[in-house]
Every structure is written in structure tokens, then in C-alpha cells.
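Step one of this worksheet: look at the structure below.
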Amino acid sequence: MRVAPLPTADELHAFYAASYESSGYQEFARADAIRRAIAEHRFERVARAAPHARRWLDVGASTGAFVKAVVSRSPSSNGAPVVGHGIELSAEAVVQARSEGLEVFRSSIEDFASQERYDAVTAFDVLEHLRDPRVLLDGARRWLAPGGVLALTVPDSGSLPARIMGRFWYYVDPPGHLHYFDAGSLRRLLERSGFAVRAIEPAYKVLTLDYSFEVLRRLNPGLAPIARGLGALLPRATLARERRLAIGELLAIATPSTA
């Protein structure tokens, strides 16, 4: 499924310029512990699929949490340095990432040119935002070294939350999200774009209930009273504990097809 009609490139640029300054984006950008926990969980999962990866590229890197997980958590291998790069459109996010010594570059997918060939390319919560999702997949094929791995996440339109909530599903927010995938359509897109799919599975995020309720209150006013009530009833320690939650997303892991 996709939004129709699709917004123009200029409309999208204006939307994201505003959203990067909005309370929602800033709320996530400031949630250091949440971003760290999500990034480390994602790294551990992708590293199992690419155990020998030494050169990583994260597309849509935001403030660099995943790049930081790559360079801090990759095991040493015969002294070979780990390369962790990211690309991101938000100038503010890039400045924050680079202030921490991370190699995150301001670039669109279309304009990114690198002399590196990467063992792993990741794109978390990116594909659904693009006017043409194939732009990302074409780029990944260019950037990946032979035997390299692509890992990406998208909201799952076939998930239980999506089916129950319908048009009130928290991921229905055009022009933020332009395309909606289930496991079958995501597999077909990857295969038609020249990838062999190794896995498509539920994706998890490491969140606190406190943070989750706050986001739910903002994204879905209809459920805000429930979130507010649970937040008032549960103990502070329960609300603050990090836990792995399935909120209706898919993780796909694929490699360029040799056929």
C-alpha cells in the first residue's frame, strides 16, 4: 500500500525540515537511553547475520546511535579496524553525531557516493519514508561488498496492532510514511530489486513503558486515556524498566542475489 497521490520532493523536504524541529523528533533525539538500547539490540541481531562484518553503513543514522553501537561493540578481529559510517539528512542530527566523534555524513541516499564497499548496510525505519523505496535498495547494492548483508526494518501492515487499529494505527501518518508493507510485499520488493531474502521476522524495540505511553499519547489521542491511566497506576520502577517490545514492525535481512 502507498499514499496516493505521493507528495512532491519539495513537499517532503519541507515536511522533514519541520519535523526535525518538532517535539516528537526532539523527544526521541533526547532519549539517549532508549536510542542506545534500541541500537545495541539491533546491532546484536544484525551481527549474528553478518558475524565477520568490519565495514558498516547505517542509512538514516539520525544522531548516530547505531553507528556508535557498531564501533563500540564489534569484536576485535586480528587488529582490523571497524569502520562505522552513517548518512543522515538532518543537519542538526549530523552535528550531534559528529560532536561525539562519529562518522555520520549529511547526504541523501541519491547523492551518497563512497569509496568504501561495506560488509553490512542497515536502514532502520527508512524504507517507508521514501517516494521510491527502490532508491534505497539500488543504493545498497552499489554500496555492499561481495557477500555483504542488508538489514532493514519497516512497520508491519499485517501486524495485529495494524489490523486492530485500522486507519488509526500509529504508523498511518502521511506524509511521514508513504509506503506500507507486510511480510509478503516486503519479500517481493527485495527479490524484484535483486536481493535474496535470508529472513523476514518480527522486529523488536527496547523501550520503557513510560516512554511508550508518552509516544502513544502523542500519536493516538484515542488511546491517550488508557495510556494515561496505566501510567498513573503502575509503579515507577515498572514504568522505567527497559523491555523488548513488539510494536508491529518487521526486520528483513537479505544479500544481493547472484542470479
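Bear in mind that the values in this text are calculations on the coordinates, not laboratory data. Nothing here was measured: the structure is a model prediction, and the numbers come from that model. Glycine gets a Cβ as well: all are built from the backbone with ideal geometry, and neighbour counts include every protein chain shown.
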Original post:
Of all the Cα-Cα pairs you can form in region 165-207, what percent are over 12 Å apart?
Top reply: 71 percent
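Where both partners of a DSSP beta bridge lie in region 9-256, what percent of those bridges are antiparallel, to the nearest 5?
Percent antiparallel among DSSP bridges in region 9-256 is about 45.
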**OP:** Bin width 10 Å, alpha-carbon pairs only: give the P(r) of the chain as whole percents, running from 0 to the bin holding the largest distance.
**Re:** 7, 29, 38, 21, 5, 0
**OP:** Pull up all non-local amide H partners of residue 156: gap of 5 or more, or a different chain, and H-to-H distance under 5 Å with H placed in the peptide plane.
**Re:** 249, 250
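Just flag the GluC sites (Glu not before Pro) in region 59-113 sitting in loop per DSSP whose Cβ has no more than 14 other Cβ atoms within 10 Å.
Hits after loop and neighbour filter: 100, 110.
Which order do the peptides 63-73, 193-203, 230-240 take when ranked by the mean count of other beta-carbon atoms within 10 Å per residue, highest first?
Those peptides, ordered most packed to least, come out 63-73, 193-203, 230-240.
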Subject >> Label point 7 Å beyond Cα of residue 240 along Cβ direction - residues of region 189-218 with amide nitrogen under 18 Å >> reply: 207-214
Subject >> Dipole of the chain [Lys/Arg +1, Asp/Glu -1 at C-beta], most positive-end residue of 133, 67, 225 >> reply: 225
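Check each of the chymotrypsin sites (Phe, Trp or Tyr not before Pro) in region 124-187 and keep only those in coil by DSSP with at most 12 other C-beta atoms within 10 angstrom; list them in order. Present the calculation step by step, with values, prior to reporting the outcome.
Details: sites: 124, 143, 168, 169, 170, 171, 180, 181; in loops: 169, 170, 171, 180.
When the chymotrypsin sites (Phe, Trp or Tyr not before Pro) of region 124-187 are filtered for loop state and at most 12 Cβ neighbours within 10 Å, nothing remains.
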Original post:
Counting other Cβ atoms within 10 Å of each Cβ, which trypsin sites (Lys or Arg not before Pro) in region 91-124 have at most 14 and sit in a DSSP loop?
Top reply: 117
Original post:
Between residue 113 and residue 228, what length comes free when the chain is fully extended (0.36 nm per residue of separation minus the Cα-Cα distance, one decimal in nm)?
Top reply: 36.8 nm
**OP:** Towards the positive end of the charge dipole of the chain, with charges on Cβ (+1 Lys, Arg; -1 Asp, Glu), say which of 240, 216, 85 has the farthest Cα.
**Re:** 240
Subject >> Mean ellipticity per residue at 222 nm, deg cm²/dmol - from DSSP H runs of n ≥ 4 across the chain, formula -39500 (n - 2.57) >> reply: -12000 deg cm²/dmol
**OP:** Hey, can you grab everything whose amide H is under 5 Å from the amide H of residue 105? Only 5+ residues off in sequence or another chain; H modelled, so Pro and N-termini drop out.
**Re:** 86, 87, 88
**OP:** Could you list which residues have their amide H under 5 Å from that of residue 195, counting only those 5 or more apart in sequence or on another chain, with H placed in the peptide plane?
**Re:** 257
Subject >> Unit charges on C-beta of K, R, D, E only; dipole of region 9-256, Debye >> reply: 780 debye
